[in-house]
Amino acid sequence: MPIFLQSEAYAPWLAPYAYGIVLMGIAFFLFRVFENWFASNFDRPLFRHYFVYRKLSPSQLKILQNEFVFYRMLSEKNKKQFVHRMAQFLSEKKIIGREEVIITEKMKVLVAAIACMLSFGRRNYTYNLVDFILIYPDEFYSAINDAYHKGEFNPREKVIVLSWKDFEKGYKIENDNLNIGIHEFTHAMQLEAKQARDLDSARFSKHFQAILKQLMRQDVKDQLDKTRYFREYAFTNQYEFMAVLTEYFFESPEDFKRIFPKIYEHTKKLLNFNFADY
């Protein structure tokens, strides 16, 4: 004899769960509203990091400690966050050697360190437009414009290409305002800011527009002509200008702040960079 089960028209035991889900949804919505208000008014995210930390291997951590000055300048809390971000970066990106380059642990650590230093003030720090980093021993031929390059960002292929010779020179010589790693990762960050709608991208775009407005001021133009502070290549286009700007920001912050204080402050806010005395 078949048994027919009649569904309950009302299940009072479900009510607390339903109320809980509704309240959680309302709380999340209010949090996002407050988060957007905070970011809009204070030019920085409400928080940059969740309370989950990944680690580098002991050998990677030793390389980072010995080779990367910026890391040694951080507080213990920020060091922990920096290591986590590097570990996350290395788990997501493929670093590949070209022309018989063998990728070493040191290469991986230093590429990740440069990338994570540049994006350390951001919440979204993993460069969504980059999947691969190709490393050549020296300058490489690029079919894009039929020329030899020291670095290149190709958004279509989601790849950054670097000359290792020039990359090493960039991080070892810390005050010449030339750092090919910073330069190319800035290109990736800027294009992401142009395409994305997150808080980091909104802040980047806002302060970059403020920088462009500064460059239109006659007193700033006069100062640029007088000091010749930024190298000529910076004025190729707005993308190269931003990439060069970040090189100067990291490699000669005191001079940058003294000569162009307003542009420096907008660059600092654009990156949300409040670490290691910058």
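The values are calculated or read from the model by the stated rules, or taken from the named source; none is laboratory data. Predicted model, so just to flag it, every value in this text is computed and none were measured. Virtual Cβ from ideal backbone geometry, glycine too; neighbours counted across all protein chains shown.
Run Ile96 past the list (1) farther than 23 Å from Asn175 by Cβ; (2) at pLDDT below 95; (3) not aromatic (Phe, Trp, Tyr) and report the number of the one that doesn't hold. Among (1) farther than 23 Å from Asn175 by Cβ; (2) at pLDDT below 95; (3) not aromatic (Phe, Trp, Tyr), Ile96 violates only (2). Within the stretch 87-125, the set of residues being among the hydroxyl-bearing types (Ser, Thr, Tyr) and under 21 Å from Ala243 (Cβ atoms) comprises Ser119, Tyr125. When the stretch 89-118 is filtered for residues that are surrounded by fewer than 17 Cβ atoms within 10 Å (Cβ to Cβ) and of a type in the set (Lys, Arg), the ones remaining, listed by number, are Lys94, Arg98, Lys106. Counting the residues of the stretch 58-113 that are part of a helix (DSSP H, G or I), among the charged types (D, E, K, R) and in contact (Cβ under 8 Å) with a residue 40 or more places away in the chain gives 5. For the stretch 50-105, filtering for residues that are within 24 Å of Ile160 (Cβ to Cβ) and of a type in the set (Lys, Arg) leaves 5. Within the stretch 147-195, the set of residues being of a type in the set (S, T, N, Q) and farther than 16 Å from Phe241 by Cβ comprises Asn154, Ser163, Asn175, Gln195.
Matching residues to (1) within 11 Å of the chain's Cα centre (by Cα); (2) of a type in the set (D, E, K, R):
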{"site": "Ile95", "(1), (2)": "no, no"}
{"site": "Arg98", "(1), (2)": "no, yes"}
{"site": "Val101", "(1), (2)": "no, no"}
{"site": "Thr104", "(1), (2)": "no, no"}
{"site": "Met107", "(1), (2)": "no, no"}
{"site": "Ala115", "(1), (2)": "yes, no"}
{"site": "Phe120", "(1), (2)": "yes, no"}
{"site": "Asn124", "(1), (2)": "yes, no"}
{"site": "Phe132", "(1), (2)": "no, no"}
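Summed over the stretch 147-167, the residues that are within 17 Å of Asn179 (Cα to Cα) and of a type in the set (Asp, Glu) give a count of 2. Scan the stretch 261-270 and tell me whether some residue there is in a loop (DSSP other than H, G, I, E, B), without any contact (Cβ under 8 Å) to a residue 40 or more places away in the chain and either surrounded by fewer than 18 Cβ atoms within 10 Å (Cβ to Cβ) or aromatic (Phe, Trp, Tyr) (or both). No.
The set of residues in the stretch 66-83 being at pLDDT 95 or above and either loosely packed, with under 12 Cβ neighbours inside 10 Å or more than 19 Å from Phe250 (Cβ to Cβ) (or both) consists of Asn66, Val83.
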